[in-house]
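Here the structure comes first, spelled out in structure tokens, and everything after it is commentary.
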Amino acid sequence: MHILKELKNQCKHVIMARSKGFVEFNEDYCKGCELCVNACPFNVLAMSTNVNNKGYHFSYMKNFDQCTGCQSCALVCPDVVITVYKIK
């Protein structure tokens, strides 16, 4: 039991490295619903002021360094226009 207590105490002081990610959008098929922007827990995504071929504002990465590759954005995208990459 003493070993378990010591391991728990040591784990409290370990700082976990956050993984990095990159999000790629198929801008031509994005309909500008903003679900991905709202789903992102790290405020990585935003809506572009530009429009795609269909006349919709599309999502883009505004804070590259904050992305962890959690895939929250891709999971909520109804049109499956988001691909998430984990960077090791």
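Just to verify a result, which residue in region 71-86, among those that are part of a loop (DSSP other than H, G, I, E, B) and open to solvent by 70 Å² or more (accessible area, probe 1.4 Å), is farthest from Ser19 (Cα to Cα)?
The residue in question is Pro78.
Would you check which residues across region 25-54 are under 17 Å from Ile87 (Cα atoms) and open to solvent by 90 Å² or more (accessible area, probe 1.4 Å) and list them?
Selection gives nothing.
Among the residues of region 55-70, how many are out of contact with any Ser or Thr (no Cβ under 8 Å at 6 or more places or on another chain), open to solvent by 80 Å² or more (accessible area, probe 1.4 Å) and at pLDDT 95 or above?
Of the residues in that region, 2 qualify.
List pairs: first in region 73-87 and in contact (Cβ under 8 Å) with a residue 12 or more places away in the chain, second of a type in the set (Phe, Trp, Tyr) and surrounded by 17 or more Cβ atoms within 10 Å (Cβ to Cβ), Cβ under 6 Å, 6+ apart or cross-chain?
Val81/Phe25; Ile82/Phe25
The values are calculated or read from the model by the stated rules, or taken from the named source; none is laboratory data. Just so you know, these numbers come straight off a predicted model, no measurement behind them. Because the Cβ atoms are built from the backbone with ideal geometry, glycine has one as well, and the counts that use them run over all protein chains shown. Accessible surface is based on the protein model in full, side chains and every heavy atom, while ligands, DNA and RNA are left aside. Shrake-Rupley method; radii C 1.70, N 1.55, O 1.52, S 1.80 Å.
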